[in-house]
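S.K.: Sharing a structure, written as structure tokens. Questions coming.
No lab work stands behind these numbers, since they all come straight from the coordinates. Note that the coordinates shown come from a computational prediction; the quantities given were computed from them, not determined experimentally. Methodologically, a virtual Cβ is constructed for each residue, glycine included, from the backbone with ideal geometry; neighbour enumeration extends over all protein chains shown.
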Amino acid sequence: MKSLAERIDTVYETITDACARAGRDPAEVTLVAVSKRKPSTDILEALAAGVQHFAENRVEEAEIKIPEVMAQVSKPQPIWHMVGHIQSRKAKQVPPLFQVVHSVDRGKIARKLSEEVDPERAPLPIFLEVNIAGEDAKHGFDLQHWQTDERVRTAFWQEVEALCTLPNLDIIGLMTMAPFYENAEDTRPVFASLAALREALRADFALTLPDLSMGMTNDYPIAIEEGATIVRVGRAIFGPRD
Ligand SMILES: *Cc1c(COP(=O)(O)O)cnc(C)c1O
């Protein structure tokens, strides 16, 4: 069994190789280590090995682990990303815990977050989570067939227009989860579609959308080849989850 530090090195090498294939600078890709269901001790070990970004997917778990980790580190401080579905009644707890939210999957949660961010602070960076492959089990704005179905596009464009008016939020990009395929290569069209969606939004809104959050353990090299700026990797770093 490899150590956590060795697994992290392997992930960084894989990122560098994928960037080389795509003619990209590895500095454009941020590794977010998804530490859900893993103990704080694992997070501290990953920090010591040079990882600075961590993601959790449940508010209840984050409320325990984030303070636990923060009490034991000095500089550089970890940056916390929320990647899981947020229930409305939990939205209040999110801005004090997390610096970035990837899982804004409906207008209602964006409005709640906008109300909960302290206006004295910098706007909260958020991603709009989109469901490109149309899987029922996945959250996110429905963007299945957006390139061919005008109604899908119109509905989402209206949502984005409304979201752009919300104070205290900074829409920095799009996030998606690809379906699980035996052959990771099959995820490529999903990632390419997300990148194309960003271009289409850029053309119509005053948004720069610098980031694309896509790619997990099964498929992050492909996501990088298709333009990911953030990969969210759990199992390749922390091992399987129970
Ligand atoms: C769990 C999770 C990941 C990481 O998945 P792995 O397969 O462990 O790499 C990434 N993104 C989200 C939204 C997740 O819930």
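S.K.: Near the amide H of residue 30, under 5 Å away, which other amide H atoms are found, from residues 5 or more places off or on another chain, if H is placed in the peptide plane?
M.R.: Correct list: 230, 231.
S.K.: Hand me the tally of lysine pairs in the chain: alpha carbons under 16 angstrom apart, and the pair either on different chains or 8 or more positions apart.
M.R.: Numbers: 36/65; 38/65; 90/108; 90/112; 92/108; 92/112.
Pairs that pass both the separation and distance tests number 6.
S.K.: Same structure, new question: For the chain, what is the mean residue ellipticity at 222 nm derived from helices alone (per DSSP H run of n ≥ 4: -39500 (n - 2.57); sum divided by total residues; nearest 500 deg cm²/dmol)?
M.R.: Values: 9 runs with 96 residues, N = 242.
Value at 222 nm, helices only, nearest 500: -12000 deg cm²/dmol.
S.K.: Another question, if that's okay. Find how many whole Å separate the alpha carbon centroid of segment 146-204 from the alpha carbon centroid of segment 107-138.
M.R.: 13 Å
S.K.: At a Förster distance of 25 Å, what's the computed FRET efficiency of residue 74 paired with residue 41, Cβ-Cβ distance as r, to 0.05? Could the numbers behind the result be given before it?
M.R.: Details: r = 17 Å, r/R0 = 0.69.
The pair residue 74/residue 41 has a calculated efficiency of 0.90.
S.K.: Among 187, 134, 205, flag the residue with its Cα farthest along the positive direction of the charge dipole of segment 120-211, charges on Cβ as +1 for Lys/Arg and -1 for Asp/Glu.
M.R.: Working it through, the farthest residue towards the positive pole turns out to be 205.
S.K.: Here's another thing I want to ask about it. From a point 7 Å beyond the Cα of residue 3 in the direction of its Cβ, which residues of segment 47-71 have a backbone N at a distance under 14 Å?
M.R.: 47-50
S.K.: Sorting check: for 194-206, 217-229, which peptide has the highest mean count of neighbouring beta carbons within 10 Å, and how do the rest follow?
M.R.: On the way: 194-206: 14.5, 217-229: 22.4.
Peptide ranking by packing, descending: 217-229, 194-206.
S.K.: Continuing with this model, one more query. Given R₀ = 41 Å, what would the calculated FRET efficiency be for residue 142 paired with residue 16, taking r from the Cβ atoms and rounding to 0.05? Please report the intermediate quantities before stating the final value.
M.R.: On the way: r = 35 Å, r/R0 = 0.86.
Calculated value: 0.70.
S.K.: Based on the inverse mean of 1/r over its pairs of different Cα atoms, what is the Kirkwood hydrodynamic radius of the chain, in Å?
M.R.: On the way: mean 1/r = 0.0545 Å⁻¹.
Every distinct Cα pair counted, the radius reaches 18.4 Å.
S.K.: HN-Hα J couplings of segment 235-242 from phi, Karplus 6.51/-1.76/1.60, θ = phi - 60°, integer Hz, Gly and Pro as x?
M.R.: Whole-Hz 3J(HN,Hα) from phi for segment 235-242: 4, 5, 9, 9, x, x, 9, 6.
S.K.: On to the next question. Evaluate E = 1/(1 + (r/R0)^6) for residue 155 and residue 89, where r is the Cβ-Cβ distance and R0 equals 41 Å; express this FRET efficiency to the nearest 0.05. Kindly include the intermediate steps, with their values, before the conclusion.
M.R.: Details: r = 26 Å, r/R0 = 0.63.
It comes out at approximately 0.95.
S.K.: When Lys and Arg each count +1 and Asp and Glu each count -1, what net charge do the other residues less than 14 Å away from residue 231, Cβ to Cβ, add up to?
M.R.: Working: positive: 24, 232, 235; negative: 13, 17, 28, 211, 219, 225, 226.
Around residue 231, the surrounding residues sum to -4.
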